[in-house]
1. Using just the Cα positions, wrap the chain in a convex hull and report its mean projected area in square nanometres, one decimal place.
2. Any idea what the relative contact order of the chain is, in percent, if you count C-alpha pairs under 8 Å spaced at least 6 apart?
3. Given points 7 Å out from each Cα along the Cα-Cβ axis, report the Asn15 to Lys295 separation in nanometres with one decimal.
4. Could you please put Glu63, Glu255 in sequence from largest to smallest accessible area, using a 1.4 Å probe?
5. Local charge sum around Lys226 (other residues, Cβ-Cβ under 13 Å, Lys/Arg +1, Asp/Glu -1)?
6. Looking at the chain only, what percent of DSSP beta bridges run antiparallel? Nearest 5 please.
7. Can you give the accessible area of Leu39, probe radius 1.4 Å, in Å² rounded to 10?
8. Mind ranking Ser135, Ser42 by accessible surface for me, highest first, 1.4 Å probe?
Amino acid sequence: MDLQEKIKRLKIEKNAIILAHYYQSPEIQDIADYVGDSLGLSQKAAETDADIIVFAGVHFMAETAKILSPDKIVVLPDLNAGCSLADSCPPKTFGEFIKQHPNHVVITYVNCSAEIKAMSDIVCTSSNALKIVESVPKDIPIIFAPDKNLGKYISKQTGRDLLLWDGSCIVHEAFSIDKLLELYKKHPSYKIIAHPESEEHILNTATFIGSTSEMINYVKAHSQEKFIVATEAGILHKMQQEVPNTELIPAPVHEDNTCACSECGFMKVNTLQKLYDCLLNETPQIDVPKAIREKALLPIERMLELSK
Ligand code: 13P
Ligand code: SF4
């Protein structure tokens, strides 16, 4: 029996569900019950009746699933699947920052730790950040953390001043504007689409900006066009499956970037073998201390409610 077959059998035996992000490797995406963006994945985690959630993604995503489904076992194939953006917002410093701005509503992008979520009023993802910010009355000031690039983009869209935390994603900040423009010169008929975690100069070149799911939906709706795609390269697998005849090119990254492509090293520590092992052994499990879990639940639930 091959690994894929063993995972499928074990999944049924244990009443488990495999949730995967678009940045996971193709073989993991292909075995998953659901592949989606951060919002879709948290919605699935909230509604599943499985006993075990295998989270093929990064730590903050698995934590969000555990907060929403505390009675279920949540396993992550590799505990080293972290996130540079989540790491850029340490709870102690962020707590002090909030204290310095007491009258602000705190909106945090889902790419942060459970502790940061527990300090927030509302959580958001890249697909609902605009809606969430607009849900706050205009006269109330907002702290937006941890992603400054998404924050700047939403500030521009809404015309509101947001107090931004200085965090960012190493993968989306690796795109090279010079190389992108060079590539575009060679392919002027291609449309550039980008994830809002990218820097402003990259976003300024884009015809469409959205979350990973939104980028896939946009390409599906415009499948007669050709695209340069500025987000983690793992998205190309599902995107190409959806539009097999559409030409897609990943956006280029800086020369000094070690992996020479826009790959998230954190996402890619998960492998099919580790996924099988974590389902078999039910470890490593994600646990969120009760006090943090209970505080973090409300801002996530507010987000889910506002996203309906
Ligand atoms: P979305 O899939 O929600 O767009 O998020 C992208 C991301 O960076 C996840 O880590
Ligand atoms: Fe974090 Fe960026 Fe990787 Fe997403 S792509 S998990 S934001 S480091």
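The values are calculated or read from the model by the stated rules, or taken from the named source; none is laboratory data. This is a predicted model, so every value here is computed, not measured. Cβ sites come from the backbone with ideal geometry, for glycine too, and all protein chains shown count toward neighbours. Note: accessible area is taken over every heavy atom of the protein model, side chains too, but ligands, DNA and RNA are not part of it. Shrake-Rupley method; radii C 1.70, N 1.55, O 1.52, S 1.80 Å.
1. 16.1 nm²
2. Contact order relative to length: 23 percent.
3. Once both label points are built, they end up 3.4 nm from each other.
4. Numbers: Glu63 25, Glu255 155 Å².
Sorted by accessible area, descending: Glu255, Glu63.
5. Counting the neighbours of Lys226, the net charge comes to 0.
6. 5 percent
7. That residue has around 20 Å² of solvent-accessible surface.
8. Ser135, Ser42
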